[in-house]
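Participant: Sharing a structure here in C-alpha cells format.
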Amino acid sequence: MSMKLFFQAMAKFLGGLLAVGLLLFLPAWTFAYPQAWLFIGVLFVPMFCAGIVMMAVRPGLLEKRLNAREEQNEQKTVIALSGIMFAAAFVSAALSFRFGWLMFPVWVSYAGTAVFLAAYVLYAEVLRENEYLARTVRVEEGQKVIDTGLYGVVRHPMYMSTLLLFLSIPLILGSVISLAVMLIYIPIIVLRIRNEEKVLEEGLDGYREYERRVRFRIIPFIW
C-alpha cells in the first residue's frame, strides 16, 4: 500500500465529510437532525470500506479516480452545475428541517436509504465490470468496449446507479424541496452522456456498433 495514496484518499474522504457536515448542520443550526446523520452514515461508511478495498485490490483505479481532472469544457460545466446542485439540495434540506418546510414522513427516509444502498451495490458492480471506468470523459490507450453484464442492458450503468443514488438523497434527508432541486440532475446527466457518447464514438473502436446493439442509455425500455 502506498502511504502517499493512503493520505491522499484520507484527505479527500475527510474533506468530503467536513463539507457535507457543514452544508447540513450549519443551515439546520443543530446537530439534532437525525435524517442528516442517517445520510452521513449510509454515504461515508460504505465509501470508507470501498476505498479500503480498492486500495488493497485495485490501487491503480483508486489513484486514477482521485486524480481525475476534466479537460473538456462541456464536462467542466457539468461538474460545476452538479456542485451547485448538491450544495443547494443539502442546504434546502437543512433549512426544511429547521423550519418544517414540506418534510416527508419518517418512513420515506428509510425507503430512500434502501434505494441508496442498492444503488451503491450497483455502482460497485459497475466498478468490477469495467476496468477503464474513470471520473473523466476520455478514451484510454488499449481501451475496449465493455458489452457484458450490466453493459449488456444499458450503455451507462454507472449513470443509472448515480441517478438512483442522487435522487434517493433528498428522500433520506426528508425534504420535498431538496428532491425538487435534485431533479436538476436529470438534464445535467443527459448533457454529460451526450457529450461522452460523442467522444466514445470518435475515439473508441466498436462503440457505434455497441450503440446499435444496446439501445438504452440508463433506463431499460425508456432511454
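Participant: State which residue pairs qualify: first residue charged (D, E, K, R) and inside segment 1-26, second residue in a helix (DSSP H, G or I) and surrounded by 11 or more Cβ atoms within 10 Å (Cβ to Cβ) in any location, beta carbons under 8 Å apart, and separation of 6 or more residues or different chains.
Facilitator: LYS12/LEU66
Participant: Tally time: how many residues in segment 141-165 are of a type outside the set (Val, Ile, Thr) and without any contact (Cβ under 8 Å) to a residue 40 or more places away in the chain?
Facilitator: Qualifying residue count, segment 141-165: 5.
Participant: For residues in segment 181-223 being closer than 30 Å to GLY100 by Cα and free of Cβ contacts under 8 Å to residues at least 40 places away in the same chain, which is surrounded by the fewest Cβ atoms within 10 Å (Cβ to Cβ)?
Facilitator: Among residues in segment 181-223 that are closer than 30 Å to GLY100 by Cα and free of Cβ contacts under 8 Å to residues at least 40 places away in the same chain, the one surrounded by the fewest Cβ atoms within 10 Å (Cβ to Cβ) is PRO187.
Participant: For segment 158-217, which residues satisfy the criterion of being under 16 Å from the mean Cα position of the chain (by Cα) and among the polar types (S, T, N, Q)?
Facilitator: SER161, THR162, SER168
Participant: Out of all the residues in segment 1-55, which are closer than 17 Å to LEU165 by Cβ, small (Gly, Ala, Ser) and in contact with a helix residue (DSSP H, G or I) (Cβ under 7 Å, 6 or more places away or on another chain)?
Facilitator: Passing the criteria: ALA36, ALA50, GLY51.
Every read-out reported here was derived from the displayed coordinates using simple, explicitly stated rules and does not represent laboratory data. The structure displayed is predicted, hence computed values, not measured ones. Counting neighbours? That spans all protein chains shown, and the Cβs are built from the backbone with ideal geometry, glycine included.
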